[in-house]
Amino acid sequence: MNDTKFNIWNAYIYEILLVLRDEYNLFKNNKTVSIILNYCKPDWVLWKVHKTLKEIDVEIDKIKTMWEKEEESKFEFIEHKPDGSEAQEILGGAIEIRSTFKRS
């Protein structure tokens with residue numbers, strides 16, 4: 001997500017104008033406000049997506065940490081190297097899942 005380009009100021013302006021439009025009648029049917037909102041919306045959308053994905057990454061890390069603390073893995077994930085075929089060069093090698101269950 002680091003390569004996402006957006007103007008943070010346009011995103012902030014969009015947010016502020018939305019609040020002002022909701023609170024004050026003066027901003028509701030103002031053509032200038034509508035033009036500014038249309039201009040700033042693409043940056044606002046990219047900013048919201050970027051912000052949401054960062055929040056999701058944080059939540060994923062919390063869940064992974066919680067799972068690691070709860071119990072050790074019951075499965076072993078093995079990634080094999082690509083065999084040289086074009087499909088595996090693009091997608092990567094085969095993935096194997098094995099159970100770590102041991103009979104006593």
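A few remarks follow.
- Computed [θ] at 222 nm, helices only, for the chain once each DSSP H run of length n ≥ 4 contributes -39500 (n - 2.57): -20500 deg cm²/dmol
- Burial ordering of 19, 33, fewest other beta-carbon atoms within 10 Å first: 19, 33
- Proxy reagent accessibility, fewest Cβ within 10 Å first, across 75, 101, 6: 101, 75, 6
- Potential lengthening of the chain between residue 36 and residue 64 amounts to 5.9 nm, from the contour at 0.36 nm per residue minus the alpha-carbon distance.
- Estimated at 0.36 nm per residue, the fully extended path between residue 19 and residue 97 surpasses their Cα-Cα distance by 23.0 nm.
- Matching label, semi-axes √(5λ) of the Cα gyration tensor in Å computed from the structure shown, candidates [x] 20, 16, 13; [y] 22, 19, 11; [z] 49, 21, 9: [z]
- With both labels modelled 7 Å from their Cα along Cα-to-Cβ, the residue 29 to residue 81 distance reads 7.1 nm.
- The count of lysine pairs in the chain whose Cα atoms are under 22 Å apart, excluding pairs fewer than 8 places apart on the same chain, comes to 17.
- Each of 80, 50 was scored by other Cβ atoms within 10 Å of its Cβ. Listed from fewest to most, they are 80, 50.
- Dipole size of the chain about its Cα centre, with +1 on Lys/Arg Cβ and -1 on Asp/Glu Cβ: approximately 500 debye, rounded to the nearest 20.
- Over all other residues within a Cβ to Cβ distance under 14 Å of residue 83, the charged ones net out to -3, with Lys and Arg as +1 and Asp and Glu as -1.
- Placing unit charges on the Cβ atoms of the charged side chains and taking the dipole of the range 1-71 about its Cα centre, the candidate lying farthest along the positive direction among 19, 52, 67 is 19.
Computed from the coordinates by the stated procedures, all read-outs in this text should not be read as laboratory data. Everything numeric in this text was worked out from a predicted model, so none of it was measured. A quick note on method: Cβ atoms are made from the backbone with ideal geometry, for glycine too, and the neighbour counts reach across all protein chains shown.
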